[in-house]
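Take a look at the structure below.
Computed from the coordinates by the stated procedures, all read-outs in this text should not be read as laboratory data. Everything numeric here is computed off the predicted structure, so don't read it as measured data. When we count neighbours, we look across all protein chains shown, and the Cβ atoms used for this are built from the backbone with ideal geometry, even at glycine.
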Amino acid sequence: MAVLDLKRKLAILSDAAKYDASCASSGSVKRDSRGGKGVGSTDGGMGICHAYAPDGRCISLLKILLTNFCVYDCAYCVNRVSSNTPRARFTVDEVVDLTLGFYKRNYIEGLFLSSGIIRSADYTMEEIVRVARTLREVHDFRGYIHLKLIPEASPALVNEAGLYADRVSINIELPKDESLVSLAPEKDVAGIKKAMGAVRLSEDAAKDKGRKTRPPKFAPAGQSTQMIVGADAATDGAILKRSESLYGAYRLRRVYYSAFSPIPDATSRLPLQRPPLVREHRLYQADWLMRFYGFQRAEIIGEAEDLDLAIDPKLAWALRNRGDFPVDVNTADRERLLRVPGLGVRAVDRILDVRRFKRLELDDVKRLSRGIEKLKPFLICADWSPGALTDRADLRQKVEPRQLDLF
Amino acid sequence: MQVVRLAYETDFDGWRRAARAMRARGVAPESALWTVDGQATLFDGADEPAPPLEAAPAGAFRVPKTFMDLAPRVILHRSDERFALLYRLLWRLQDEPDLLHIASDADVARAHHFAREVGRAAHKMKAFVRFRLASEEDDAYVAWFEPAHRVAEATAPFFARRFANMRFSILTPDTCVHWDLAELSFTPGADPADAPSEDALEEYWRTYYASIFNPARLKVGAMQKEMPKRYWRNLPEAALIPELIAQAQGRTDTMVRQAPTEPSRRVVKAAVRNSRDAPWEGQAPTSLAEVAAGVDHCRRCDLWRDATQGVPGEGPGKAKLLFVGEQPGDQEDLAGTPFVGPAGQMFDRALAEAGVPRTETYVTNAVKHFKHELRGKRRIHKTPDAGEVTACRWWLDAERRIVRPRVVVSLGATAALAVFGKATPVGKFRGQALQLPDQAQGVVTYHPSYLLRVPDEAAKAKAWAMFVADLKLAWSLAA
């Protein structure tokens, strides 16, 4: 085999990693490099996006595979064993040097390392852990590290990964177990769920203040996962039901939705039609409603249904539940205000603050929100009542974002 | 007209001194004009020079803490309006002490808007500064950066924390920041030519940037919203953007048009070999290992879908005493072993008091998957129905057949239903030995989680005593 230079390897192994949507560097503990010998800090709250690619995605981490050689044959994956994509493999030192070099030039927040499965699950996991260990222990690197876990790897290796990583993740890939069996024959849903369960137990144990022998720490930024949208026939309802159960069972920080996108050297087992990107966007919106707005999944969508692509799920819910509107912005409680389409968490908190000192008028709400027209049918203010507007049959046409015509 | 000259663009202390004195003297916002030294104003020469601004008497007036949080941030904004806006707010606070809570007020909204833009500029500085190696020997780095607002000084501590052990300078048109491994220092604005013009790693960074981009999902607007063009000229990767956008459609079309290639023969052969070696299923299990493997893949009812794993029994294969619980709970579902959660701990305490060593008994459940419903983000236990209990008896019966215990203890009503095949109320049948068809004896008692739920202390103590007595009875029958 020809020897590849480092630049070519980087091209192959970052190209192979780009189908993983996650690039977050958020939610970890606060730490910095003072008093140490290396570089790196994390801010605790939100991470930093150091660049954006023309696909609109944030580039926060050096997101690469250790190798894209893989013994699995997952239909949706460009790195499956039966694909004829070019292959490469980094050495541990190469990944470490690239990470530190990029970090010192302020290109990145840290490393997101994943890998194809080579030889065995344990061997692969060990290599991944070795990179993280070298960064942390040899170079005292205090930036962000996200490691992909191999579900079948031994618990000791998973625990070691959790010791070095800020976040760990295992991709569930597909919303329905049956699709995983047919599209990713070597992947085992039961194994994935068990590994996620084990991660949650380790997280809980690390946080348990009552225990005498508390493990030092375990992935303070928690675990996340990714689902591919549109590679099988699953409805949006089925996808969100899966997310709901993952959030509940394993306390995931995030579920990423990745619209299935054409890959080089595709197999005939996949659909030809790719889903519209807006579908992915609507799923994220619905996911936010479940996590931050107090919506239950069943309120947003039934299991066999798809989300409306033309309007956002909160507006769709409001149009279906007009009896709950209009909401009086001067008296309604937080939960009710959060359900008004067009009012976000921040706007609601501001409204609650202002309300203690004055009665809000339409102009006040206008300054606190983005766009008052969409809000008008759903709100009562000191100087505004929607009257019959809320119940008009053509309300949807009035509040639906205008489709622009190509000129 | 009262003209105030501040020493420099971000002279917060100067502004504060002047504003304090002017408010004390009753100078209304309309009659104040704020400038920075070196700037000419419309009123130059037409106005008497401002009297020297002496320090106001201490404790002359107080402002809310939120104002002192907001003002130093607003002053970093590049808008000429900022000093006057802050003075207007300060003035209005005299009569409207709660003003800053009214986020919908036009002045307050404007100040918040400025503060937000300054915050964003600081955040973008953290993101878009690009260091270049200036001296390999000293491991020293220099960056040239043009912040949207005057945030260089305020953002410097972030870089010092992050790169505490690396010498660096950030040069900007306003102020330059230097870190010497011990202290931050600041010098006047510089010129782009003062920074190195290239760095060997930038070629790698551009390779990464181009490769991580997915041409099949072009969203140029989303990119520009977060990475505005004003920053592009100092980002080494930005030069690639036009080319990447131009080629995207063509690359995507090629991918979609391309016929799938044939996998190599070696791969196909390996797949055939794997499927031939797949485990063979269907017959009743004859060992506990087979039970464990089977339970995990069981599809006899639908509970597997939302559960993590099937939880088989645990204990020696020749135990004399077999306990049957209801079903795994949240913790058991995650761990894959029975009775490890709160009810399991209660169970362990009772066993200890009754003198029954758990390790010599076999502990399992009537239903092997966790049945629950989601309430918010919590999984709440739900009692399995008769259909699920019946479906799962396949496994319980196998465990009983393999372990062949002398005594089977049913913990709770669901377990009793599974063991006896019919409803066997605990209240009526507990405390006695019951005959089972397979020559084992049966004992029914409470489920340990019942003891967790009994509300009043007296009833709890009574239930506890009965539970322990039942465990003792079962142990004596098994001996």
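Please list, or write none, the aspartates and glutamates whose alpha carbon is within less than 13 Å of the alpha carbon of residue A:18, excluding same-chain residues fewer than 8 places away. Cross-link targets: A:55.
Under 20 Å from a point placed 7 Å out from the Cα of residue B:349 along the Cα-to-Cβ direction: which residues of region B:308-341 have their backbone N that close? Label zone hits: B:325-326, B:329-332, B:338-341.
About the centre of its Cα atoms, chain A shows a dipole size close to 1200 debye [charges on the beta carbon of Lys, Arg (+1) and Asp, Glu (-1) only; nearest 20 debye]. Give me the angle, in degrees from 0 to 90, between the Cα long axis of helix A:92-104 and the longest principal axis of the Cα atoms of chain A, rounded to the nearest 10. Between the helix axis and the principal axis of chain A, the angle is about 40 degrees.
At R0 = 22 Å, how high is the FRET efficiency between residue B:28 and residue A:383 if r is their beta carbon distance? Nearest 0.05 is fine.
0.15
With springs connecting C-alpha atoms under 10 Å apart, model chain A as a Gaussian network and identify which of A:192, A:145, A:228 has the largest mean-square fluctuation. Of A:192, A:145, A:228, the Gaussian network model singles out A:192 as fluctuating most. For residue B:123 and residue A:137, what does the FRET efficiency come to when R0 = 35 Å and r is the distance between their Cβ atoms, rounded to the nearest 0.05? According to the calculation, E is roughly 0.65.
Applying both filters, DSSP loop and at most 15 other Cβ atoms within 10 Å, to the chymotrypsin sites (Phe, Trp or Tyr not before Pro) of region A:14-95 gives A:72.
In deg cm²/dmol and to the nearest 500, what is the mean residue ellipticity at 222 nm of chain B if only DSSP H runs of at least 4 residues count, each as -39500 (n - 2.57), divided by the residue total?
After summing the helix terms and dividing by residue count, I get -13000 deg cm²/dmol.
Here the gap between residue B:232 and residue B:146, fully extended at 0.36 nm per residue and compared with their Cα-Cα distance, gives a gain of 29.9 nm.
Taking the helices alone, chain A has a mean residue ellipticity at 222 nm of -10500 deg cm²/dmol, built from -39,500 (n - 2.57) per DSSP H run of at least 4 residues and averaged over all its residues.
For region B:356-479, the dipole from Cβ point charges (+1 on Lys and Arg, -1 on Asp and Glu) about the Cα centre works out to 300 debye, to the nearest 20. As a proxy for reagent exposure, ranking A:150, A:380 by other Cβ atoms within 10 Å from fewest up yields A:380, A:150. Rounded to the nearest 10 degrees, the inclination of helix B:82-92 to the longest alpha-carbon principal axis of chain B is 80 degrees.
With the alpha-carbon atoms of the protein assembly as shown aligned to their principal axes, the span from lowest to highest coordinate is 114, 74, 61 Å, starting with the largest. Ranking of A:209, A:7, A:366 by neighbouring Cβ atoms within 10 Å, starting from the fewest: A:209, A:7, A:366. Cβ-Cβ distance of residue A:335 and residue A:118, R₀ of 41 Å, FRET efficiency by 1/(1 + (r/R0)^6): the value works out to about 0.20. Each of A:23, B:301 was scored by other Cβ atoms within 10 Å of its Cβ. Listed from fewest to most, they are B:301, A:23.
Annotation: extensible slack from residue B:78 through residue B:382 equals 103.4 nm (criterion: 0.36 nm per residue apart, minus Cα-Cα distance). Reported to the nearest whole Å, the Cα centre-to-centre distance from region A:287-318 to region A:43-102 is 32. Listed by chain and number, the lysines whose C-alpha is less than 20 Å from the C-alpha of residue A:366, apart from same-chain residues fewer than 8 away, are A:314, A:358, A:374, A:376, A:398. Cα centroid separation, region B:145-181 to region A:17-32: 24 Å. A simple spin-label model places pseudo-atoms 7 Å from Cα toward Cβ; at residue A:345 and residue A:298 they are separated by 2.5 nm. If I build a Gaussian network model for chain A, linking alpha-carbon pairs within less than 10 angstrom, which residue out of A:187, A:358, A:18 has the largest mean-square fluctuation? Largest GNM mean-square fluctuation: A:358. In the structure shown, the pairs A:7/A:30; A:209/B:382; A:37/B:126; A:148/A:241; A:104/A:209; A:104/A:194 are assessed against 31 Å; a Cα-Cα span above that value is assigned to A:7/A:30; A:104/A:209; A:104/A:194. For chain A, the longest principal axis of the C-alpha atoms and the axis of helix A:189-207 are separated by about 80°.
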